[in-house]
Amino acid sequence: MITIRIAREDDVIPLTAIGLSAWQTAVLGLVDPVKMRHTVEVAFLSFLRNNWERVLVGEIDGALAGWVASEQGDGTITDLWVAAEVQRQGLGSALLEQMESRIAAMDIESAELGTHARNNAAVDFFMKRGYSVSSLSTSYAAKLDQNVETIGLRKVLIERPELDAGSSLFSYS
């Protein structure tokens with residue numbers, strides 16, 4: 001059974017391990033995960049220590065299995081990581097839906113996120129859940145000593161009907 005809850009401070013270490021493991025799977029063939037492992041682990045640990053209250057945790061049968069975060073508490077989803085051994089069991093979708101609900105509850109019209117442009121599994125996952133491409137960019141990543149292609153994705157969460165040019169907010173009788 002999948003359960004979603006707000007993270008606790010004592011979740012930081014196991015969530016770091018989940019993030020690192022999922023990251024290693026996601027970057028196969030894109031970067032050298034052995035070379036980057038320590039840097040990424042420190043980044044996950046630092047982020048989670050400082051932002052655990054902005055993280056939603058996913059559990060399967062009571063065991064931590066994934067997490068999602070919005071670092072600034074706005075409409076940008078900065079992280080979505082699911083342990084490799086439980087991917088494709090609905091946890092990623094459940095985490096994403098919960099974060100989208102939180103974003104919509106703040107009256108933010110859309111959710112935005114980004115990923116490596118060649119991370120086909122992630123791009124497909126988000127597009128199947130209603131996201132569309134909002135940007136493509138390439139920038140130099142000093143830590144990787146290479147250019148990195150990024151794809152931005154966006155999903156409208158709150159439809160706001162536009163007024164027609166000839167319509168009015170007022171009715172006259």
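The values are calculated or read from the model by the stated rules, or taken from the named source; none is laboratory data. Given the structure is predicted, the values throughout are model-derived calculations rather than measurements. Heads up, the Cβs are rebuilt from the backbone with ideal geometry, glycines too, and the neighbour counts pull from every protein chain shown. We work out accessible area using only protein heavy atoms, side chains counted, and drop any ligands, DNA or RNA first. Shrake-Rupley method; radii C 1.70, N 1.55, O 1.52, S 1.80 Å.
I'd like the carbon and sulfur percentage of the solvent accessible area for the range 76-149, probe radius 1.4 Å, heavy atoms only, ligands and nucleic acids excluded. Carbon with sulfur: 46 percent of the solvent-accessible area.
Taken per residue, the accessible surface of the range 9-114 reaches 49 Å², heavy atoms only and a 1.4 Å probe. Each label was represented as a point 7 Å from its Cα along the Cα-to-Cβ direction; for residue 101 and residue 5 these points are 1.6 nm apart. Largest GNM mean-square fluctuation across 109, 85, 149, computed for the chain with C-alpha springs under 10 Å, falls on 85. Does the range 1-42 come out rounded, prolate or oblate, given a ≥ b ≥ c as the square roots of the eigenvalues of its C-alpha gyration tensor, rounded meaning a/c under 1.5 and, failing that, prolate meaning a/b above b/c? Oblate, since a/c reaches 1.5 and b/c is not below a/b. Within the listed set 114, 75, 130, the Gaussian network model of the chain (springs between alpha-carbon atoms below 10 Å) gives the highest mean-square fluctuation for 130. Report which label in (1) 10, 40, 39, 11, 0; (2) 9, 34, 35, 12, 5, 3, 1, 0; (3) 8, 24, 33, 23, 10, 2, 1, 0 holds the value of P(r) over Cα pairs in 10 Å bins from 0, in percent derived from the coordinates of this structure. Step by step, P(r) over Cα pairs in 10 Å bins from 0, in percent for this structure corresponds to label (2). Hey, could you get me the Stokes-Einstein D for the range 56-133, Kirkwood radius over alpha-carbon pairs, 4 °C and 1.567 mPa s, rounded to whole µm² s⁻¹? Translational diffusion coefficient: 100 µm²/s. Of all the options 136, 95, 15, the one that moves most in a Gaussian network model of the chain with Cα springs shorter than 10 angstrom is 136.
For the chain, averaging the sequence separation of C-alpha pairs within contact (under 8 Å, six or more residues apart) and dividing by the residue count gives a relative contact order of 19 percent. What is the local net charge at residue 131, summed over the other residues whose Cβ is closer than 12 Å to its Cβ (Lys, Arg +1; Asp, Glu -1)? Around residue 131, the surrounding residues sum to +1.
Across the range 63-155, Cα pairs under 8 Å and at least six residues apart give a relative contact order of 23 percent.
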